[in-house]
Amino acid sequence: MKTLLATLLIALLTGCATGPAIDHTYSAKGQSSRVKFVILHYTAINLPQSIKVLTQQTVSSHYLLTDETSPIVYGLVDETRQSNHAGVSNWKNYTLLNGSSIGIEIVNPGFTDTPSGRIWYPFPQAQVDRLIVLLQDIVKRHNIPPENILGHSDIAPQRKQDPGPMFPWFQLAQQGLAVWPDAAKVAAARPGYDLLLPDVPWFQARLATVGYAVPQTGLLDEATRNVIGAFQMKYRPATIDGTPDAETASLLDALTAPAAKPAA
């Protein structure tokens, strides 16, 4: 009797542990990966501190890319699960991107403020090369378009600067891992904007078309400057003061102008 009871108890506990039996005979056509975006960050702290913060505190990321001579990619959160890397964030019609993105933290000091100005730190080429391989793998598995590989400053321009103006977005674009304005279109648009700079509403509308959350106030307020600065940091890092100038207008034009219709 005791043996029978023990057997029944074990069977009951085993059933509770494994959950109900699921038949996977059928698979729905209407499905896609929950991952729509990849968000890139710098840690702004060294490697030991980065590991401690990202594994022992509330903030986290799916991957941590080290800055060692031979960079290592640590997987900290499974891609099927949400990590806390994006915070309050917006891109196009998406909000709170933690639930729809993979976060990659890159070990990099970020910047240092000095009496002579802010000093930003570059990313070693070995680190960039390792990142490209990682991104290619993620993109292939989740079918993520290049316009959805973004920086933290893209999705939260009012409070974030990472991965900063030293991040090599153009290298990623050359690998099909980021959107980049066509140089010929930028050059063609520049003379017109040198003669007549668009007004603030034009900049706000074009930035929104790219995907940025920017106020449509018609005023060159601090929030608008922050968004322009985030855009400049990515596409024109030589000057990132948030001033709506002709070069910034030309870059925006190249990224957002409707494609020319083919001749009939």
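Worth pointing out:
- Candidates Pro109, Pro146, Pro168, Pro157 - the one that is more than 15 Å from the chain's Cα centre (by Cα) and on the phi < 0 side of the Ramachandran plot: Pro109
- Residue in the range 251-261 that is touching a residue at least 40 places away in the same chain (Cβ under 8 Å) and over 20 Å from Gly151 (Cβ atoms) present: yes
- Residues that are modelled with pLDDT under 95 and surrounded by 10 or more Cβ atoms within 10 Å (Cβ to Cβ), drawn from the range 12-45: Leu12, Leu13, Gly15, Ser33, Arg34
- Residues that are in contact (Cβ under 8 Å) with a residue 24 or more places away in the chain, surrounded by fewer than 18 Cβ atoms within 10 Å (Cβ to Cβ) and within 14 Å of His152 (Cα to Cα) are absent from the range 63-80.
- Members of the range 145-177 that are among the aliphatic types (A, V, I, L, M) and out of contact with any strand residue (DSSP E or B) (no Cβ under 6 Å at 6 or more places or on another chain): Ala156, Leu172, Ala173
- Of all the numbered requirements in (1) open to solvent by less than 60 Å² (accessible area, probe 1.4 Å); (2) of a type outside the set (Asp, Glu); (3) farther than 19 Å from Met166 by Cβ; (4) touching a residue at least 60 places away in the same chain (Cβ under 8 Å), Ile106 misses one, and that requirement is (3).
- Test: residue in the range 193-205 that is closer than 30 Å to Ile104 by Cβ, surrounded by fewer than 19 Cβ atoms within 10 Å (Cβ to Cβ) and modelled with pLDDT of 95 or more: no
The values are calculated or read from the model by the stated rules, or taken from the named source; none is laboratory data. Computed from a prediction, not measured in an experiment: that's the story for all the values here. Cβ sites come from the backbone with ideal geometry, for glycine too, and all protein chains shown count toward neighbours. Ligands, DNA and RNA are excluded from the accessible area calculation, which covers all protein heavy atoms including side chains. Shrake-Rupley method; radii C 1.70, N 1.55, O 1.52, S 1.80 Å.
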